Amino acid sequence: MGRVFGALLWLITILTVWMFVSKKWWLPPAITEHGPAYDRQFLVTIIIVGIAFAGAQIALGYMLWRYGARRDSSRGIYSHGNNRVEMLCTAVTAVVFITMALFGQRVWAQLHFHEAPPGSAQVHVVAQQFQWNFQYPGADNIFGRTDPAKIKDAELNFVGLDDADPAAKDDQVVTTLVMPAGRDVELTMTSKDVTHDIWVPELRFKQDVVPGMNIKVHFKPVKTGRFELACAELCGQLHYKMKSYLIVLPEADYDALLRLPQAQFQARITELNKQPLGLPGEQY
Amino acid sequence: MSEAVPVPEAHADVEHHAAHHHGPPTSFIRKYIFSIDHKVIGIQYLLLALFSVFVGLIMSVLMRMNLTWPDHKWPLLGSLFKVGAPGGQMSPEFYLSLVTMHGTIMVFFVLTTAPQGGFGNYFLPIQIGAEDMAFPVLNMLSFWITFVGLVVLVSAIFVEGSAAFSVSINPNSAIAKWVAKYLEGGGSGTVGPIGGWTGYPTLSALGKIAGPGQGAGVTLWITSIAIFCVASLLGALNFITTLLNMRTRGMALMRMPLTCWSWFTTAILALLSFPVLLAGGILLLLDRHAGTSFFIPGGLVVSDKLLTSHAGGSPILWQHLFWFFGHPEVYIAILPGMGATSHILSTFARKPIFGYRAMVFAMFAIGLLGFFVWGHHMFISGMSPYSGMAFSVLTLSIGVPSAIKTFNWLGTLWGARIRFTVPMLFAIGFVSLFVAGGITGLVLGQTSLDLSMHDTYFVLGHFHLVMGVAAIFGMFAGMYFWFPKMFGRMMNQTLGYIHFWPTFIGVYAIFIPMHVMGLVGMPRRYASFAEYQFLTKTHPLVMLVTIAAIITAFTQLIFLFNFFWSIFKGPKASDNPWEATTLEWTTTTPPPHDNFGGKLPTVYRGAYEFAVPDAPDDYVMQTTPDATEANVAADGDGHTGQGSTGNGHDGHH
């Protein structure tokens with residue numbers, strides 16, 4: 001039985017490794033500046049993990065193959081261990097794991113440990129059960145005042161824009177997230193009701209959107225295209241339908257879009273949403 | 001449970017031992033229901049877990065069916081759940097309630113009860129040579145409080161949906177009306193709470209205004225967890241006291257079986273983590289029903305209504321409290337499996353465990369570090385990114401003691417004479433699955449990589465393999481191993497093999513593909529993936545996983561049959577059918593009421609003395625006196641005068 005079990009372990013190892021190596025199911029193409037660094041870190045990690053996984057399974061299979069077949073009455077090795085081997089294995093693992101942990105902070109630090117550069121494109125995100133609202137500052141580049149008391153979904157005032165504020169007059173609120181390529185984007189995010197999470201696989205980025213908090217995050221999209229945007233934190237009955245789109249435009253197009261008056265802004269978004277999903281020429 | 005009728009000696013001794021002994025109870029109620037015998041309580045826990053695991057299993061199959069055939073109508077489902085699955089098609093809230101209940105039942109009532117409350121209760125006192133737990137009445141209370149917790153949890157399924165409710169009770173009856181009134185109406189049209197087993201506020205704190213599945217079901221769900229916390233606390237206290245105070249003569253700490261170490265570590269984790277969850281649960285209940293705002297900030301607009309009744313709370317506070325419990329909980333689930341695996345591997349490898357001391361220290365290191373890593377569940381929660389970094393480095397360092405354990409299991413098999421019994425197969429399976437599931441923690445534990453992997457199916461694959469399936473393999477190993485001692489009969493070996501192979505292959509086929517689904521970006525807790533085009537390429541995998549899950553689930557019926565059939569019809573077991581060394585195998589099968597028939601054993605050596613050169617057999621029991629060998633200086637905590645061989649001498653060979 002040892003040989004059967006050993007061989008089965010090796011077969012499982014091969015199939016498991018194949019699932020990853022075949023890249024049939026892999027990360028979608030990255031569209032942010034930190035994307036390639038993320039993908040590199042992921043690849044290095046998954047290779048180390050893969051080696052450790054395969055190594056352990058192959059060794060386990062070998063033990064079963066080798067020591068499961070004896071039919072004689074001889075005894076096993078009377079050993080209570082080996083401190084030197086133990087120390088060596090511990091040291092090697094510790095070095096590999098801690099090194100990996102430190103390298104694993106780089107993309108994180110690059111994204112989170114400093115403020116968005118001046119001149120970043122600004123978008124306010126207001127999540128609600130089961131809709132994403134994205135607020136743009138308009139031509140004046142100043143966000144109008146908002147007030148939860150003024151929120152009225154029935155009147156399409158999803159973020160509670162205060163009409164009394166002149167800066168609010170040209171603000172645009174739509175359900176599609178639009179960003180410029182090649183410029184840092186800062187999202188200021190909050191939720192009206194429960195915790196949501198903004199998730200676009202191509203961005204290599206995810207962030208909970210928490211009621212009562214204004215969470216600021218930033219990153220730099222570098223490739224244009226249209227992508228699906230999902231909610232990744234359980235938010236209630238229709239969580240699975242809380243879908244929107246991310247459209248990354250060339251910088252000039254983005255600036256032009258922001259200068260459009262309200263009616264045309266909406267029409268332009270509708271038009272942009274007709275383009276196929278994915279990177280241009282690489283639809284999924 | 002063909003337990004002995006009181007023997008005359010026991011009566012004769014009653015007066016003499018009155019302070020410490022309780023004679024075997026004679027009434028059915030005191031013997032099998034409200035028993036204070038740790039063995040009966042252990043079996044009660046196991047039966048509770050067995051019931052729960054099948055409920056959780058059925059729920060998982062239902063979820064897979066919905067994900068794979070979202071448009072199919074299942075008439076049976078429709079007639080059982082008129083509201084949850086109208087016309088036999090699941091509503092998204094029905095799906096989410098399955099998600100919630102599956103998680104809660106499995107984590108609390110299976111993974112926490114069976115390995116610790118079940119096997120730990122039964123075998124910890126016997127393995128250390130004690131006659132019972134330190135606090136037998138507390139032990140009984142601990143079980144029955146757990147039982148109440150389960151009843152409350154299961155009732156949460158029924159209060160939310162009026163139609164589901166009507167399956168059991170006529171909704172117009174007086175009692176139904178009273179219950180409905182007590183629970184603020186209920187009947188929101190689902191079949192239970194839908195907040196996930198993590199129950200994040202504000203969703204879980206706002207009540208019915210936050211949508212279906214947020215009403216009375218959530219209240220009962222929290223109540224159930226709070227009750228469970230109390231029960232676990234009582235159990236943990238009992239385990240710790242028993243182990244520290246009631247070891248028999250010669251049972252130095254460093255001679256204990258690794259199972260005892262694992263139950264001990266687990267009990268410490270439970271003692272320190274459950275109170276935090278209990279506090280969190282009470283705060284959440286207060287937010288829901290007493291108008292407090294621990295977790296609810298001001299200015300919320302829910303379902304287009306401005307909430308003026310709450311201000312000043314933080315949803316993230318709950319996550320800290322929850323995961324301060326939740327991460328140690330992962331180790332509460334897996335550590336006893338590690339103990340059982342070490343124990344069983346050594347027994348059937350016919351070799352001493354490799355690196356006994358290292359195993360003990362690794363277990364404690366895992367337990368200790370387990371308290372400093374809860375934040376890795378919260379990297380993207382809005383918590384400070386600097387704390388995220390600290391949690392990340394600590395998280396990856398847990399990989400080190402985990403790796404030590406794996407080395408030592410492999411070391412134990414090296415040069416072994418393996419006997420492929422059914423418990424051995426499951427123990428080997430545990431090692432394989434523990435590695436497969438645990439190792440991806442190195443991916444998820446990195447803040448950077450979590451940016452993409454968080455809350456995807458990669459996470460599902462990871463934790464199901466390591467804390468779900470590996471832990472359950474540990475339980476299966478323990479069940480096949482200890483069954484003869486508990487019930488006096490052997491389980492059927494052929495059925496055991498037929499149970500093992502498809503289960504082992506099946507769980508890999510279920511959970512490995514989930515990892516690559518996660519790479520593609522599949523979010524967890526989605527009732528349907530139809531909305532998203534980027535997930536189209538995962539559809540063949542979704543189908544594969546579901547088919548594997550159905551086959552694996554049905555395979556478990558073989559175990560169920562084997563279990564009950566063997567209790568009554570299995571071949572009679574001898575006192576030591578596995579030729580094992582520890583104290584449970586020195587007493588009769590099944591053990592008498594006071595475990596050792598009034599004569600406590602004396603221990604002369606460590607727990608894993610197999611393949612000792614020159615010994616008559618290839619194993620030496622812990623109770624075998626060793627006259628010939630010169631007494632080696634006492635090991636462990638040193639208060640044993642007896643000679644000792646084995647454990648504590650790692651590396652001297």
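Taking the options A:75, A:40, A:66, A:84, name whichever one is part of a helix (DSSP H, G or I), of a type in the set (Lys, Arg) and either more than 30 Å from residue B:609 (Cβ to Cβ) or in contact with a strand residue (DSSP E or B) (Cβ under 9 Å, 6 or more places away or on another chain) (or both).
From the options A:75, A:40, A:66, A:84, the qualifying one is A:40.
If you go through region B:238-252 one residue at a time, how many are assigned to a helix (DSSP H, G or I) and either of a type outside the set (A, V, I, L, M) or crowded, with 21+ Cβ neighbours inside 10 Å (or both)?
Narrowing region B:238-252 to residues assigned to a helix (DSSP H, G or I): B:238-245.
Going one step further and asking which of them are either of a type outside the set (A, V, I, L, M) or crowded, with 21+ Cβ neighbours inside 10 Å (or both), we end up with B:238-239, B:241-243, B:245.
So the count comes out to 6.
Filter region A:234-283 down to residues that are within 14 Å of chain B (Cβ to nearest Cβ), farther than 30 Å from residue B:194 by Cβ and among the charged types (D, E, K, R), then give me how many there are.
Residues of region A:234-283 that are within 14 Å of chain B (Cβ to nearest Cβ), as a first pass: A:234-246, A:273, A:275-279, A:282-283.
Filter once more, keeping what is farther than 30 Å from residue B:194 by Cβ: A:273, A:275-276, A:278-279, A:282-283.
Now narrow it down to the ones that are among the charged types (D, E, K, R): A:282.
Residues in region A:234-283 being within 14 Å of chain B (Cβ to nearest Cβ), farther than 30 Å from residue B:194 by Cβ and among the charged types (D, E, K, R): 1 in total.
For (1) touching a strand residue (DSSP E or B) at 6+ places or on another chain (Cβ under 7 Å); (2) among the charged types (D, E, K, R); (3) away from chain A (no Cβ under 12 Å); (4) farther than 30 Å from residue B:122 by Cα, each residue gets a yes or a no:
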| residue | (1), (2), (3), (4) |
| --- | --- |
| B:465 | no, no, no, no |
| B:469 | no, no, yes, no |
| B:512 | no, no, no, yes |
| B:515 | no, no, no, yes |
| B:522 | yes, no, no, yes |
| B:525 | no, yes, no, yes |
| B:528 | no, no, no, yes |
| B:548 | no, no, yes, yes |
| B:552 | no, no, yes, no |
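So in region B:308-319, with the set limited to residues that are part of a loop (DSSP other than H, G, I, E, B) and crowded, with 21+ Cβ neighbours inside 10 Å, which one is farthest from the other protein chains (Cβ to nearest Cβ)?
Ranking the qualifying residues of region B:308-319, first place goes to B:310.
Kindly check whether there is at least one residue in region A:88-97 that is touching a residue at least 60 places away in the same chain (Cβ under 8 Å), part of a helix (DSSP H, G or I) and within 9 Å of chain B (Cβ to nearest Cβ).
Looking only at region A:88-97, we keep the residues that are touching a residue at least 60 places away in the same chain (Cβ under 8 Å), and these are none.
Taking every residue of region A:88-97 in turn, none turns out to be touching a residue at least 60 places away in the same chain (Cβ under 8 Å), part of a helix (DSSP H, G or I) and within 9 Å of chain B (Cβ to nearest Cβ).
Please list, ordered by residue number, the helices (runs of 4 or more DSSP H) wholly in region B:338-429 having 1 or more residues that are β-branched (Val, Ile, Thr) and farther than 23 Å from residue B:468 by Cα.
On the way: elements: B:356-369, B:385-397, B:399-413.
So the answer is B:385-397, B:399-413.
Which of (1) surrounded by fewer than 22 Cβ atoms within 10 Å (Cβ to Cβ); (2) modelled with pLDDT of 95 or more; (3) farther than 25 Å from residue A:207 by Cα; (4) of a type outside the set (Val, Ile, Thr) does residue B:415 not meet, given it meets every other one?
So residue B:415 meets the others, but not (2).
Does region B:575-593 hold any residues that are free of Cβ contacts under 8 Å to residues at least 40 places away in the same chain and surrounded by fewer than 18 Cβ atoms within 10 Å (Cβ to Cβ), and which are they?
Scanning region B:575-593 gives B:575, B:588.
With respect to the numbered conditions (1) surrounded by 24 or more Cβ atoms within 10 Å (Cβ to Cβ); (2) within 25 Å of residue B:379 (Cβ to Cβ), which one is the sole condition not fulfilled by residue B:326?
Here residue B:326 meets the rest and fails (1).
Test residue B:336 against the criterion of being farther than 21 Å from residue B:224 by Cα and within 14 Å of chain A (Cβ to nearest Cβ), and give yes or no. Steps first, answer last, please.
On the way: farther than 21 Å from residue B:224 by Cα: yes; within 14 Å of chain A (Cβ to nearest Cβ): no.
Answer is no for this residue.
Could you tell me whether region B:601-613 includes any residue that is touching a Phe, Trp or Tyr at 6+ places or on another chain (Cβ under 6 Å), buried (at least 22 other Cβ atoms within 10 Å of the Cβ) and outside the structural domain of residue B:420 (by TED's automatic domain parsing)?
Yes; the residues of region B:601-613 include at least one that is touching a Phe, Trp or Tyr at 6+ places or on another chain (Cβ under 6 Å), buried (at least 22 other Cβ atoms within 10 Å of the Cβ) and outside the structural domain of residue B:420 (by TED's automatic domain parsing).
Go through the residues of region B:349-360 one by one and say whether even a single one is more than 10 Å from chain A (Cβ to nearest Cβ), under 29 Å from the mean Cα position of the chain (by Cα) and touching a residue at least 24 places away in the same chain (Cβ under 8 Å).
Start the filter on region B:349-360 by keeping residues that are more than 10 Å from chain A (Cβ to nearest Cβ), which leaves B:360.
With under 29 Å from the mean Cα position of the chain (by Cα) added as a condition, the list becomes B:360.
Next, from what is left, pick out any that are touching a residue at least 24 places away in the same chain (Cβ under 8 Å): B:360.
Yes, that holds for at least one residue.
Suppose we keep only residues that are touching a residue at least 40 places away in the same chain (Cβ under 8 Å) and among the acidic types (Asp, Glu) within region A:196-233. Which one would you say is nearest to the other protein chains (Cβ to nearest Cβ)? Talk me through it step by step, then tell me what you get.
Of the residues in region A:196-233, the ones touching a residue at least 40 places away in the same chain (Cβ under 8 Å) are A:196, A:198, A:200-205, A:209, A:216-229, A:231.
Subsequent filtering for residues that are among the acidic types (Asp, Glu) retains A:202, A:228.
Working: A:202: 9, A:228: 5 Å.
Ranking the candidates gives A:228 first.
Going through B:275, B:297 one at a time, which residue ends up being in contact with a His (Cβ under 8 Å, 6 or more places away or on another chain) and surrounded by fewer than 24 Cβ atoms within 10 Å (Cβ to Cβ)? Please lay out each step first, then the result.
On the way: B:275 fails: in contact with a His (Cβ under 8 Å, 6 or more places away or on another chain).
Selected residue: B:297, the only one of B:275, B:297 that is in contact with a His (Cβ under 8 Å, 6 or more places away or on another chain) and surrounded by fewer than 24 Cβ atoms within 10 Å (Cβ to Cβ).
Scan A:104, A:138 and give me the residue that is in the same structural domain as residue A:210 (by TED's automatic domain parsing) and either within 26 Å of residue A:36 (Cα to Cα) or surrounded by 14 or more Cβ atoms within 10 Å (Cβ to Cβ) (or both). So that I can check it myself, show each step before the final result.
Details: A:104 fails: in the same structural domain as residue A:210 (by TED's automatic domain parsing).
Criteria check complete, one pass: A:138.
Only one residue in B:275, B:297 is more than 20 Å from residue B:196 (Cα to Cα) and in contact with a strand residue (DSSP E or B) (Cβ under 7 Å, 6 or more places away or on another chain), so which one is that? Spell out the reasoning first.
Values: B:275 fails: in contact with a strand residue (DSSP E or B) (Cβ under 7 Å, 6 or more places away or on another chain).
Only one candidate passes the filter, namely B:297.
When you check residue A:229 against the structure, is it modelled with pLDDT of 95 or more and within 12 Å of residue A:125 (Cβ to Cβ), yes or no?
Numbers: modelled with pLDDT of 95 or more: yes; within 12 Å of residue A:125 (Cβ to Cβ): yes.
So residue A:229 fits the description; yes.
Among A:15, A:111, which is more than 7 Å from chain B (Cβ to nearest Cβ), without any contact (Cβ under 8 Å) to a residue 40 or more places away in the chain and among the hydrophobic types (A, V, I, L, M, F, W, C)? If you could, list the steps in order and put the result at the bottom.
Details: A:111 fails: without any contact (Cβ under 8 Å) to a residue 40 or more places away in the chain.
On inspection, the qualifying residue turns out to be A:15.
Please give the number of the condition residue B:589 fails out of (1) assigned to a loop (DSSP other than H, G, I, E, B); (2) closer than 20 Å to residue B:476 by Cβ; (3) in contact with a strand residue (DSSP E or B) (Cβ under 9 Å, 6 or more places away or on another chain).
Condition (2) is where residue B:589 drops out.
Checking the conditions here, which among A:212, A:225 is touching a Pro at 6+ places or on another chain (Cβ under 9 Å) and closer than 29 Å to residue A:147 by Cβ?
Working: A:225 fails: closer than 29 Å to residue A:147 by Cβ.
Answer to the selection: A:212.
List the residue pairs whose Cβ atoms are under 6 Å apart, where the first residue sits in region A:39-66 and is surrounded by 17 or more Cβ atoms within 10 Å (Cβ to Cβ), the second is charged (D, E, K, R), and the two are 6 or more positions apart or on different chains.
Once the first residue is surrounded by 17 or more Cβ atoms within 10 Å (Cβ to Cβ) and sits in region A:39-66, its partners that are charged (D, E, K, R) give A:65/A:3.
Look through region B:365-387, keep the residues that are more than 25 Å from the chain's Cα centre (by Cα) and more than 7 Å from every other protein chain (Cβ to nearest Cβ), and return whichever of them is farthest from residue B:274 (Cα to Cα).
Taking region B:365-387 first, the residues more than 25 Å from the chain's Cα centre (by Cα) are B:379-387.
Filter once more, so that each one left must be more than 7 Å from every other protein chain (Cβ to nearest Cβ): B:379, B:383-384, B:386-387.
Working: B:379: 23, B:383: 23, B:384: 25, B:386: 27, B:387: 23 Å.
Out of the qualifying residues, it is B:386.
Considering region B:34-76 alone, what residues qualify as being farther than 28 Å from residue B:535 by Cβ and modelled with pLDDT under 90? Spell out the reasoning first.
We begin by selecting, within region B:34-76, every residue farther than 28 Å from residue B:535 by Cβ; these are B:34-55, B:75-76.
Scanning region B:34-76 gives B:75, B:76.
Just the residues that are within 9 Å of chain B (Cβ to nearest Cβ) and at pLDDT below 90, please, taken from region A:41-76.
Selection gives A:68, A:69, A:70, A:72, A:73, A:74, A:75, A:76.
Taking residue A:177, is it farther than 20 Å from residue B:312 by Cα, within 14 Å of chain B (Cβ to nearest Cβ) and part of a strand (DSSP E or B)? Even if it seems obvious, please write down each step before you answer.
On the way: farther than 20 Å from residue B:312 by Cα: yes; within 14 Å of chain B (Cβ to nearest Cβ): no; part of a strand (DSSP E or B): yes.
The answer is no for residue A:177.
Filter region A:180-201 down to the residues that are under 18 Å from the mean Cα position of the chain (by Cα) and assigned to a strand (DSSP E or B) and list them by number.
A:185, A:186, A:187, A:188, A:189, A:190, A:196, A:197, A:198, A:199, A:200 - these are the residues of region A:180-201 that are under 18 Å from the mean Cα position of the chain (by Cα) and assigned to a strand (DSSP E or B).
The values are calculated or read from the model by the stated rules, or taken from the named source; none is laboratory data. Predicted model, so just to flag it, every value in this text is computed and none were measured. Heads up, the Cβs are rebuilt from the backbone with ideal geometry, glycines too, and the neighbour counts pull from every protein chain shown.
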